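Report on one structure; see the data block that follows.
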Amino acid sequence: AWYVPCLASLETLQELCRKENLTCKSIGITNRSLKSYEVEYLCDYKVEEGKAYYLVKWKGWPESSNTWEPRKHLNCPLLVQNFLRDKNEYLSRGREGKAMKVRNHVKTLKPAIADYIVKKAKQRIALQRWKEELNRKKNHRAMILVENTVDLEGPPLDFYYINEYKPAPGINVLNGITTGCECADCPAEKCCPKEAGFILAYNKRKKLKIQPGLPIYECNSYCRCGPDCPNRIVQKGTPYSLCIFRTNNGRGWGVKTLQKIKTNSFVMEYVGEVITSEEAERRGQLYDNQGNTYLFDLDYDSDEFTVDAARYGNVSHFVNHSCDPNLQVFNVFIDNLDLRLPRIALFSTRTIKAGEELTFDYQMKGSIDLSSDSAEGLSPSKKRIRTVCKCGSVCCRGYLN
């Protein structure tokens, strides 16, 4: 199904809920907010006759219903704290490299400051709703957090979270496998990897032990072994809490881990729409013009299919490129043994500290390298626009493609 982003503002939706006496948790309308006044955020500040007043946006009410309230009437210390932090953040921003002195004795705020505070409050609410949505849709236990301390950018408007491949019409990502291993304690002599002609990919500590380029065959839904089988890793989803955050060097959103990740550990799966290579070429021209890179070629056995994570994907959609990455790509086969349609798993190449950004090399996808002679024979329509790399690593190649 295709989705259309809602064009109505949050305030409009809240007002409609109030008029129709409807509750909607996703936009903050509860029975409590319908029956009483609840502070949503603070918009402005002034001092009159020695008393401090805040302009209050009430949850579920339009902005035309905002009222000035004395500080002593407000039982919302966190919202006051956010208001003061946003005000000080605006005032302390450098102008031509010179920081402005923060003054706490002002009687009124300049319109530009109040406007910034309102935008930050709306962004904070939008990011919180997005975080809740992501955590409702994910199918793993670890949490997903969202953070933007850099600019006023809110959630992407045309991105939909999915947990597994979304095949285009006519593409079957499940080939109807009907058999599995009979191991009572994997791995045994006829366990799934050995039946496929390969060794078990994991050691006793459930860490990867094979070299890049070799496939991973995990036990499937027809195998006799249970959920604690040591050969069931990727299918359980990411075990780490991750944070989608706004980068401060123009790379848009990125992903960082909130927990330490040991070497050769499974981190996340790369999912999106599965499309044909012909459709990928058409979309690739468009994405290059926009400066986006979301196409991942499934070229383990052939070049028939590509994963496009531009509109549909999981946390991996936001993982940035690096020429010196800490994640490595592996092809995985579980309930589908079609060599043209492997699942894509990202494993750590070294120990990753909590708070460190996660990255992988986009050129692992097998896309055309325009720095080589391979592009010379392409027609003008096939030649791809080169995207400048901003990874900042010592070994940076200069371009993403």
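Place +1 on the Cβ of every Lys and Arg and -1 on the Cβ of every Asp and Glu in the chain, take the dipole about the Cα centre, and give the residue among Pro215, Pro111, Gly28 whose Cα lies farthest towards its positive end.
Working it through, the farthest residue towards the positive pole turns out to be Pro111.
Quick one: putting +1 on the C-beta of Lys and Arg, -1 on the C-beta of Asp and Glu, what dipole do you get for the chain around its Cα centre, in Debye to the nearest 20?
2120
Over the chain, what is the mean sequence separation of C-alpha contacts under 8 Å (at least six apart), divided by residue count, expressed as relative contact order in percent?
13
Which one, Pro155, Gln363, Tyr202, projects farthest toward the positive side of the charge dipole computed for the chain from Cβ point charges (K/R +1, D/E -1)?
Pro155
Largest first, what is the accessible-area ranking of Arg124, Arg283, Arg85 with a 1.4 Å probe?
Arg85, Arg124, Arg283
Would you work out which of Ala184, Tyr41, Val315 lies farthest towards the positive end of the dipole of the chain, given +1 charges on the beta-carbon of Lys and Arg and -1 on that of Asp and Glu, about the Cα centre?
Tyr41
How many times 2.2 N^0.38 Å is the alpha carbon radius of gyration of the chain?
Against the compact-globule rule of thumb, the ratio is 1.19.
Taking the alpha-carbon centroid of each part, what is the distance from region 173-197 to region 205-284 in angstrom?
After rounding, the separation between the Cα centres reads 21 Å.
Return the calculated 222 nm mean residue ellipticity for the chain, to the nearest 500 deg cm²/dmol, obtained by summing -39500 (n - 2.57) across DSSP H runs with n ≥ 4 and dividing by the residue count.
Theoretical 222 nm ellipticity from helices: -6000 deg cm²/dmol.
To the nearest 10 square angstrom, how much accessible area does Glu48 have with a 1.4 angstrom probe?
90
Compute the long axis of helix 277-290 from its Cα atoms, compare it with the longest principal axis of the Cα atoms of the chain, and write down the angle in degrees, 0 to 90, nearest 10.
Once rounded, one gets 30 degrees.
With each pseudo-label sitting 7 Å past Cα toward Cβ, what's the Lys260-Lys107 distance in nm, one decimal?
5.7
Please work out how much length the chain gains when fully extended from Thr149 to Asp301, using 0.36 nm per residue of separation minus the C-alpha to C-alpha distance, in nm with one decimal.
The Thr149-Asp301 span can extend by a further 50.4 nm.
Would you check the accessible area of Thr149, probe 1.4 Å, heavy atoms only, in square angstrom rounded to 10?
Surface open to solvent at Thr149 totals about 100 Å².
Compute the angle between helix 111-137 and the longest alpha-carbon principal axis of the chain, please, reported from 0 to 90 degrees and rounded to the nearest 10.
The answer is roughly 40 degrees.
Could you please report the charge total around Arg350, scoring K, R as +1 and D, E as -1 over all other residues with beta-carbon less than 12 angstrom from its beta-carbon?
+1
Largest first, please: the extent of the C-alpha atoms of region 144-360 along each principal axis, to the nearest Å.
56, 40, 26 Å, listed from the longest principal axis down.
Quick one: helix 77-92 against the long Cα principal axis of the chain, what's the angle to the nearest 10°, folded into 0 to 90?
Taking the Cα atoms of the chain, the angle to 77-92 is about 90 degrees.
Cross-link partners among aspartates and glutamates for Lys57, C-alpha distance below 15 Å, same-chain residues fewer than 8 apart left out?
Glu11, Glu15, Glu38, Glu40, Asp44, Glu69, Asp115
Pairs on different chains or at least eight residues apart, Cα atoms closer than 25 Å: how many lysine pairs in region 152-250 fit?
Eligible lysine pairs with Cα atoms under 25 Å apart amount to 15.
If you take the beta carbon distance between Arg124 and Asn31 as r and set R0 to 22 Å, what does 1/(1 + (r/R0)^6) give as a FRET efficiency, to the nearest 0.05? Spell out each step's value before the answer.
Working: r = 24 Å, r/R0 = 1.07.
Using R0 = 22 Å, I get an efficiency of 0.40.
Would you kindly find the accessible area of Thr178, with a 1.4 Å probe and non-protein molecules such as ligands, DNA and RNA excluded, rounding to the nearest 10 Å²?
Rounded to the nearest 10, that gives 100 Å².
The values are calculated or read from the model by the stated rules, or taken from the named source; none is laboratory data. Just so it is clear, the structure is predicted and the values come from calculations on it, not from any experiment. All Cβ positions, even for glycine, are placed from backbone atoms using ideal geometry, and neighbour counts span all protein chains on display. Note: accessible area is taken over every heavy atom of the protein model, side chains too, but ligands, DNA and RNA are not part of it. Shrake-Rupley method; radii C 1.70, N 1.55, O 1.52, S 1.80 Å.
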